[in-house]
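Peer 1: One structure follows; several queries about it will come next.
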Amino acid sequence: GIGTVLLLSSLIIPFNIAYAQMATTFIVQGSVMKPWGMIDAPMMNNADAISVLAFGYIIGNIIYPELNRRQIKIPTTHKFAIGSAFGAVAVGCAIITDYQIHRVYKERGEAISILWQSFPYFLIGIGEIFAVSAAYEVAFTVAPAKKKSLASAANLFMVGGAPNVFCIYLYNACRSWFLNANGLAHIHKLSDYSTAKVVNYFWLLEAIAMFGVIVNLLPPVKNWVASIEEAAAEAVKTPMNTPMIRKNLKQRRKDRGGTNSNNDEETPLIKAKKHADYLKYGSGPELRKFGSMRAGPSLKNAHHNPPPTSGGQGQPTTSLAREVKNKLEPYADKK
């Protein structure tokens, strides 16, 4: 159900906390770095999109097909762990960048290039390919047939909603690390940023991302997710086990056994019986030109009696029967 989807999606919350820093802490860090031409801190978000496009093609068209050829399947939790690991490495690069900012400022009083942030953005994009895409896939797979849209929405909340709420509380708890020497939260200048302790916040994010890696590598977690996926696969193979289909089947059987024969299904046996009655008694559907059908008398409530004749003369009562008889008489004489 939806509760299961929420629990599965919660396994990538540590990665999504690191992923959410692209619009928050990475921007704060990049605001004190030297732009490279037209590329500044806000535009560095495009590096994530470029990373997803480039590495998504490589992973989807080269790596995964090669693994399938070797019959190697990466478990879902291991995909989560790989994504979280890339998130942890991305935060680690942000830590190195922060130390570089402080070192260059103390030595030369200058800012470093914004291109230093390309490494965190590219790495977080690779992690997104593994973690987020796998989360969407498993949420859609394990959800019931009529709740797949709701399951996708629940997964989207766990990807973007819950981590952002957690980051708000996390920032408020660590607000002192974002204050300059004067106790003000104005650190968009290099001189103020150098007196803040933003690197401590990055170390906390690193610990959270590593926690996500460890949790997803635990064998009990892996077995639990695998059992849910196997149950979902069995439900697809045996859809008759679903309550709604069982209910519909019982209703159809009830209709067939009831007094109202209009609800009967056109089974092959019923069709064969109708065809035999048509050949024997001459009533039923009549074939017309171009394959059209004209319904004849109903066979369901009819008493199957031979068509009456017109007394001793033995002539059929219909013009069609008379015409057929006249055409067949020469053949009867030959016999």
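The values are calculated or read from the model by the stated rules, or taken from the named source; none is laboratory data. No experiment lies behind these values; they were computed from the predicted model shown. Methodologically, a virtual Cβ is constructed for each residue, glycine included, from the backbone with ideal geometry; neighbour enumeration extends over all protein chains shown. Keep in mind that these areas ignore ligands, DNA and RNA; they rest on the heavy atoms of the full protein, side chains included. Shrake-Rupley method; radii C 1.70, N 1.55, O 1.52, S 1.80 Å.
Peer 1: Does region 202-213 contain any residue that is more than 23 Å from Glu110 (Cα to Cα), touching a Cys at 6+ places or on another chain (Cβ under 8 Å) and in a helix (DSSP H, G or I)?
Peer 2: yes
Peer 1: Just one of the numbered conditions (1) out of contact with any Leu (no Cβ under 8 Å at 6 or more places or on another chain); (2) part of a helix (DSSP H, G or I); (3) open to solvent by 20 Å² or more (accessible area, probe 1.4 Å) is not true of Ile228; which one?
Peer 2: (1)
Peer 1: Since Ala154 meets every condition but one in (1) in contact with a Ser or Thr (Cβ under 9 Å, 6 or more places away or on another chain); (2) small (Gly, Ala, Ser); (3) assigned to a loop (DSSP other than H, G, I, E, B), which condition does it not meet?
Peer 2: (3)
Peer 1: Now, a different point. Starting from region 138-155, keep only residues that are over 14 Å from Glu229 (Cα atoms) and in contact (Cβ under 8 Å) with a residue 24 or more places away in the chain, then list their pairs with residues that are in a helix (DSSP H, G or I) and open to solvent by 60 Å² or more (accessible area, probe 1.4 Å) whose Cβ atoms are within a distance under 7 Å, requiring at least 6 positions of separation or different chains.
Peer 2: These pairs meet every condition: Ala151/Phe140; Ala154/Leu6; Asn155/Tyr136.
Peer 1: Let me ask another. Within region 22-44, can you find the residues that are closer than 24 Å to Val165 by Cα and either modelled with pLDDT under 90 or not in a helix (DSSP H, G or I) (or both)?
Peer 2: Residues satisfying the conditions are Met22, Ala23, Thr24, Ser31, Ala41, Pro42.
Peer 1: Condition first: open to solvent by 70 Å² or more (accessible area, probe 1.4 Å) and more than 26 Å from Val221 (Cα to Cα). Can you find one or more residues in region 63-73 that meet it?
Peer 2: Yes, region 63-73 contains at least one residue that is open to solvent by 70 Å² or more (accessible area, probe 1.4 Å) and more than 26 Å from Val221 (Cα to Cα).
Peer 1: For region 172-191, how many residues meet the condition of being assigned to a helix (DSSP H, G or I) and more than 42 Å from the chain's Cα centre (by Cα)?
Peer 2: Looking only at that region, the number is 2.
Peer 1: Give the number of residues within region 200-224 that are crowded, with 18+ Cβ neighbours inside 10 Å, among the hydrophobic types (A, V, I, L, M, F, W, C) and under 19 Å from Asn180 (Cα atoms).
Peer 2: Number satisfying all stated conditions: 1.
Peer 1: I would also like to ask the following. Could we say that Phe26 is out of contact with any Ser or Thr (no Cβ under 6 Å at 6 or more places or on another chain) and either open to solvent by less than 60 Å² (accessible area, probe 1.4 Å) or at negative phi (or both) here?
Peer 2: The answer is yes for Phe26.
Peer 1: Would you call Ser118 in contact (Cβ under 8 Å) with a residue 60 or more places away in the chain and either open to solvent by less than 40 Å² (accessible area, probe 1.4 Å) or in a helix (DSSP H, G or I) (or both)?
Peer 2: yes
Peer 1: Which condition does Leu6 not pass, out of (1) more than 22 Å from Ala111 (Cα to Cα); (2) at pLDDT 90 or above; (3) of a type in the set (A, V, I, L, M, F, W, C), if it passes all the others?
Peer 2: Here Leu6 clears every test but (2).
Peer 1: Applying the selection to region 99-114, what residues are outside any loop (DSSP other than H, G, I, E, B) and in contact with a Leu (Cβ under 9 Å, 6 or more places away or on another chain)?
Peer 2: Within region 99-114, Ile101, Tyr105 qualify.
Peer 1: Looking only at region 165-196, which residues are more than 22 Å from Thr97 (Cβ to Cβ) and surrounded by 15 or more Cβ atoms within 10 Å (Cβ to Cβ)?
Peer 2: Phe166
Peer 1: For region 50-102, give me the residue count where each residue is touching a residue at least 24 places away in the same chain (Cβ under 8 Å), within 26 Å of Val215 (Cβ to Cβ) and of a type in the set (A, V, I, L, M, F, W, C).
Peer 2: Total meeting the criteria: 15.
Peer 1: Only one of Ile62, Ile96 is assigned to a helix (DSSP H, G or I) and more than 26 Å from Ala207 (Cβ to Cβ); which?
Peer 2: Ile62
Peer 1: Here are some conditions: (1) open to solvent by 70 Å² or more (accessible area, probe 1.4 Å); (2) touching a strand residue (DSSP E or B) at 6+ places or on another chain (Cβ under 7 Å). Leu156 meets all but one. Which one does it not meet?
Peer 2: (2)
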